[in-house]
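The structure under discussion appears below in the form of structure tokens.
The values are calculated or read from the model by the stated rules, or taken from the named source; none is laboratory data. Values in this document were obtained by computation on a predicted structure and should not be read as measured data. Ideal geometry is used to build each Cβ from the backbone, glycine not excepted, and the neighbour counts take in all protein chains shown. Quick note on the areas: whole protein, heavy atoms, side chains included, nothing else; ligands and nucleic acids left out. Shrake-Rupley method; radii C 1.70, N 1.55, O 1.52, S 1.80 Å.
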Amino acid sequence: MNIIQRPSVLDWEKEGNYIEVNGQQLFVIDQGNSKETLLILHGYPTFSYDYWKVLPRLTEHYRVIIHDHLGFGYSDKPDKYSYSLVEQADYALALWQKLGVKEAILLAHDYGTSVATELLAKSGFGYNPIKFKQLILCNGSVHIELAKPRLIQKLLKNKRIGKYVAQLSNSSIFIRNMKKILADPNSISKEELLEMWDLLDKRNGRKNFHKISRYIDERYKYWHRWIGALEKTTIPTGLIWGTEDPVALKAVAEQLHAEIPNSELVWLEGVGHYPMLEAADTWCDEVLRFLN
């Protein structure tokens, strides 16, 4: 087991920098000296900090680039923005091009898996400024019809009451809901979760969270576009999945494995929705094994 001291959220900011894309500031971690690049798309409602346990091992093998999506973490949280997964993919591509990436491995978790499928869809239409050599998807409700979104997610995305639910949210509600999607509720400390909440709330982050939460509706709206892209892809794809996830159920991973032509499914037994935090060493072992 690799034991590293947890950086605070404030320390995490010192690990990265800010890059302007289309008038918005994106917070970016860009570490490692390898010629091989690993691009990571984080999940909802957290941010790049999800990878603090695994970043040291990954950077031994790859140049690792993780950014906070707009509306998340340290990145800008604009009022005048669609918060569409389609537009998040545009920002990711523009950022990576600014960083000189021409080909890379793509790894995505949760919310990030739908940003990844939009990137595959764009590639299918001939827009592929970056060549993706391999793909890893982790615990994301790509097949939304097979998933079980939490009640708080359903309330937040509601067009009538979502903004009020966001305003009434607090650290206790956040911590309670996060613990419910972990196989072991104590695998992430209360202190760590409090720091995550503080950054989520930073710069009035709650005011747009009802808009962000509507990404669930986009998974229905663009179902044929995104699932179609997965069915057509020839990219070697790893599905690394926590078995005890109460949201992105095992059925989601099984369906993806059945329809993605060149895919491998790896179960992480006894692990919930955040495998890179709950079982960092095991998750890293499987990521590196698949990529090599």
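Side notes on the structure shown:
- Residue 107 vs. criteria within 15 Å of the chain's Cα centre (by Cα), touching a residue at least 40 places away in the same chain (Cβ under 8 Å) and part of a loop (DSSP other than H, G, I, E, B): no
- In the stretch 1-47, the residues that are in a strand (DSSP E or B) and charged (D, E, K, R): 20, 30
- Of all residues in the stretch 219-245, those that are on the phi < 0 side of the Ramachandran plot have Cβ atoms under 6 Å from Cβ atoms of residues that are acidic (Asp, Glu) and open to solvent by 10 Å² or more (accessible area, probe 1.4 Å), 6 or more apart or on another chain, in 231/259; 238/264; 240/286; 243/269.
- When every residue of the stretch 276-285 is checked against the conditions, at least one turns out to be without any contact (Cβ under 8 Å) to a residue 60 or more places away in the chain and more than 23 Å from residue 180 (Cβ to Cβ).
- Any hit, the stretch 177-186, residues being closer than 30 Å to residue 292 by Cβ and open to solvent by 30 Å² or more (accessible area, probe 1.4 Å): yes
- Set 195, 244: member being open to solvent by 10 Å² or more (accessible area, probe 1.4 Å) and assigned to a helix (DSSP H, G or I): 195
- Qualifying residues in the stretch 110-148 (those that are part of a loop (DSSP other than H, G, I, E, B) and hydroxyl-bearing (Ser, Thr, Tyr)) - the one nearest to residue 41 (Cα to Cα): 141
- Each residue in the stretch 102-133 was checked for being open to solvent by 10 Å² or more (accessible area, probe 1.4 Å) and of a type in the set (A, V, I, L, M), and 1 pass.
- Within the stretch 22-45, the residues that satisfy the criterion of being closer than 10 Å to residue 62 by Cα, open to solvent by 10 Å² or more (accessible area, probe 1.4 Å) and not polar (S, T, N, Q) are 32, 35, 36.
- Filter result for residue 61 (under 24 Å from residue 203 (Cα atoms) and either open to solvent by 50 Å² or more (accessible area, probe 1.4 Å) or part of a loop (DSSP other than H, G, I, E, B) (or both)): no
- Exclusive hit being charged (D, E, K, R) and under 24 Å from residue 174 (Cα atoms), set 30, 11: 11
- Of all residues in the stretch 64-81 being touching a residue at least 24 places away in the same chain (Cβ under 8 Å) and open to solvent by 10 Å² or more (accessible area, probe 1.4 Å), the one that is farthest from residue 104 (Cα to Cα): 79
- Taking the criterion of being of a type in the set (S, T, N, Q), more than 16 Å from residue 247 (Cβ to Cβ) and open to solvent by less than 70 Å² (accessible area, probe 1.4 Å), the residues of the stretch 150-171 that qualify are 158, 169, 170, 171.
- Checked against the criteria, residue 6 counts as open to solvent by 30 Å² or more (accessible area, probe 1.4 Å) and more than 19 Å from the chain's Cα centre (by Cα).
- Residue list for the stretch 159-192, restricted to those being within 24 Å of residue 139 (Cβ to Cβ) and part of a loop (DSSP other than H, G, I, E, B): 169, 181, 182, 183, 184, 185, 186, 187, 188, 189
- Residue check: residue 80 meets all listed conditions (1) touching a helix residue (DSSP H, G or I) at 6+ places or on another chain (Cβ under 8 Å); (2) more than 26 Å from residue 287 (Cα to Cα) but one, namely (1).
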